[in-house]
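Undergrad: Quick one: structure below, then a few questions.
The values are calculated or read from the model by the stated rules, or taken from the named source; none is laboratory data. In this text, all values refer to a predicted model and were calculated from it rather than measured experimentally. All Cβ positions, even for glycine, are placed from backbone atoms using ideal geometry, and neighbour counts span all protein chains on display. For accessibility, only protein heavy atoms count, side chains too; no ligands or nucleic acids. Shrake-Rupley method; radii C 1.70, N 1.55, O 1.52, S 1.80 Å.
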Amino acid sequence: MTTPEHPSPPSPPPSVPQTRDRAYRSPAGIAGGVLLLAIAGWLGIDAVVAGEGRTPWLALATLLLVVPVVVAYTVRPAVFAGEDRLRVRNPLRVVVLPWGRVASLRSGYSNEVVADSGAKYQLWAVPVSLRARKKAARQETRRAAGETPRGGLFGGRGGGGPLGAAGGDRAAARTVDDGPVRAETDRIMDELRALREARESEPTAQGEVTVRWAYEVIAPAVTGAVLLAVLLALG
């Protein structure tokens, strides 16, 4: 007597690998923010511990106001570019734009993204450096002439090879195959534009633009400002 064979359960569909978003931040802004936070913490904690009378309360209120503001404008800003959308984390709000709703990415005295509705959102994490642009333009001129200021990349005197450029020049200078020399933030904007052009027509890159206020930053800062004003008013 034979027993009926039990059909094997269907195998699950293969999982689609998830690509990680590209993250862009300002190293200079983060470094400055950490330094300011260290100074504020040192002075504030010293005032709380060693202060007398209303001084500890004034110090706590000042810290409650200053720390969120410093974090918001230095450490917090970031831009996350995914396959389907651009997420902009600015000091006081987070903006999510599907690539299909991005009209353009503009660079002038600041970098900003423009939605198809005409709304503009500044990219705080990708600040414009006019000094870096001028430096890149000078390096591009030297490269076109077949030399670099350090003399190591394009046949100039002294370097003899790719390692002839020092840290700052190595970050900006590139070989001829890499295209024109660009400032770092301009290169980032070029990457975002290329990603938008490649993904804007995809079905998964459509949707609505969403804007969320950063109440986790606004609430403690407003509380600190109110508390500080009350303490000062009471004399």
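Undergrad: Taking H as built 1.01 Å from N, whose amide H comes closer than 5 Å to the amide H of GLU83, not counting residues under 5 places away?
TA: Placed amide hydrogens put nothing under 5 Å from GLU83.
Undergrad: What list of ³J(HN,Hα) values in whole Hz, one per residue of region 194-203 in order, does the Karplus curve 6.51 cos²θ - 1.76 cosθ + 1.60 (θ = phi - 60°) give from phi, with Gly and Pro shown as x?
TA: Ordered by residue, 3J(HN,Hα) equals 5, 5, 4, 4, 7, 10, 5, 8, 6, x Hz.
Undergrad: What distance in nm lies between label points placed 7 Å from Cα along the C-beta direction at SER117 and ALA144?
TA: Modelled inter-label distance: 4.2 nm.
Undergrad: Can you give me the solvent accessible area of VAL66 with a 1.4 Å probe, rounded to the nearest 10 Å²?
TA: Looks like 50 Å² after rounding.
Undergrad: Oh, and also: Would you kindly state how much longer the chain becomes between TRP42 and THR210 on full extension, computed as 0.36 nm times their sequence separation minus their alpha carbon distance, in nm to one decimal?
TA: Extra length available between TRP42 and THR210 comes to 56.6 nm.
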